[in-house]
Amino acid sequence: MDERLRRRARGLAKDVGRRVTPRGDSPPRSLFILGCQRSGTTMIVEALDKDWRVKTFPEHSAVNLPADRKRPWSVRATSRYSIRMKPLDQVAAKLERSRYPLVVLKPLVESQKATAILRTIDRAICLWVFRHYRDVAHSNFRFFSPDVNRINLEPLIRRPPDNWRSEFVPEDVRELVARHYSPDMNPFDGGALFWYARNRLFFDLHLAREERVLALKYEDLASEPLRSMRRVYDLAGVAFPGRGIIEDIHPRSVGLGQELELSPEVELACERVWVELNAAYESGRKAPLREDLQPNA
């Protein structure tokens, strides 16, 4: 069976089971997976989706606004939902009705709203996933269309009001992108600059100070999935279900972009944020795993 169909069948089976399960006394925890695209977030959602106690909402789902049917059809835009979330109060109302102990959402395009998410949605927690900028730039180039740099970077410069990329863009970020952007620029510089702008949000929003936010390094997730996913469940306050959910996590995509050539200023800006992200991540790793949330076997 195709993996997408398998996930859909599993989701339907879980929903049916939850309809006949009494609602628990505690409201669900809502885990928002945030960060930059091509950072391994889909792998995390797919792992969590194997847990029958977890309800997952992917990027196009019922918590999102309806799709704009006036736009040209494309393979990547076949969903009846857009990529933008509904207003947070509407999302909160839907999540509160869930019968699942843990609800997982992956609204990467709403990462700039992390603070508002934490303030608006009761029992919300955020997982900020980051991956090395060279690997993200490499994956960005391979996965998206040749026009991806124009699509991603022009809004950072012009800051149109109706584009998620333009929301909360500091002036120094806009100026850095403007100095390097051109239609025929090095495509890997473009991917790295977008990585920089999206991951700068972690610090611009002061998320390292938030107790309900955990930074997660993709490279360690890929090489140490058991420890990394236990951290995620600790953050959620839900017992880890066991090794079955991590069987498809692998390190094969680590280091694929290590030979990319980047402009010196772009590399320096990204490296600074990379070092700061690693420091925030290592700080979170120092906390001991909760014994009461570990599997019995």
message = With angles folded into 0 to 90 degrees, how steeply does helix 133-143 sit against the dominant principal axis of the chain? Use alpha carbons for both and round to 10.
response = 90
query = Using a Gaussian network model of the chain with C-alpha springs under 10 Å, which one of Arg131, Arg158, Arg150 is most mobile by mean-square fluctuation?
reply = Arg158
remark   = Taking Cα atoms only, helix 3-19 is inclined relative to the longest principal axis of the chain by an angle, in degrees rounded to 10, of 40
remark   = Calculating P(r) over Cα pairs in 10 Å bins from 0, in percent from this structure picks out, from (i) 6, 22, 23, 18, 16, 10, 4, 1; (ii) 7, 32, 39, 19, 2; (iii) 6, 27, 36, 24, 7, 1, entry (iii)
message = Quick check: Cα centre of the range 227-272 to Cα centre of the range 120-152, how many Å?
response = 12
task = Quote the relative contact order of the range 3-293 in percent (integer), defining contacts as alpha-carbon pairs under 8 Å separated by 6+ residues.
result = 22
ask   = If you place +1 on the Cβ of every Lys and Arg, -1 on the Cβ of every Asp and Glu, and leave all else neutral, what size is the dipole of the chain about its Cα centre, to the nearest 20 Debye?
value = 1520
inquiry  = Quick check on the chain: of the DSSP beta bridges with both residues there, what percent are antiparallel, nearest 5%?
reply    = 10
ask   = FRET efficiency for Arg53 and Asp204, Cβ-Cβ distance as r, R0 = 51 Å, nearest 0.05?
value = 0.90
key: Calculated P(r) tail over 26 Å for the range 72-198, as whole % of Cα pairs   = 32
query = Given H placed 1.01 Å from N in the peptide plane, which residues other than close sequence neighbours of Gly257 have an amide H under 5 Å from its amide H?
reply = Asp135
Loop sites in the range 239-270: GluC sites (Glu not before Pro), DSSP, at most 10 other Cβ within 10 Å = Glu247, Glu259, Glu261
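A short reminder: the numbers here are calculations on the coordinates, not readings from a lab. This one's a predicted model, so the numbers in the text were calculated from it and none came from an experiment. Using ideal geometry, Cβ is built from the backbone for each residue, glycine included, and neighbour counts are taken over all protein chains shown.
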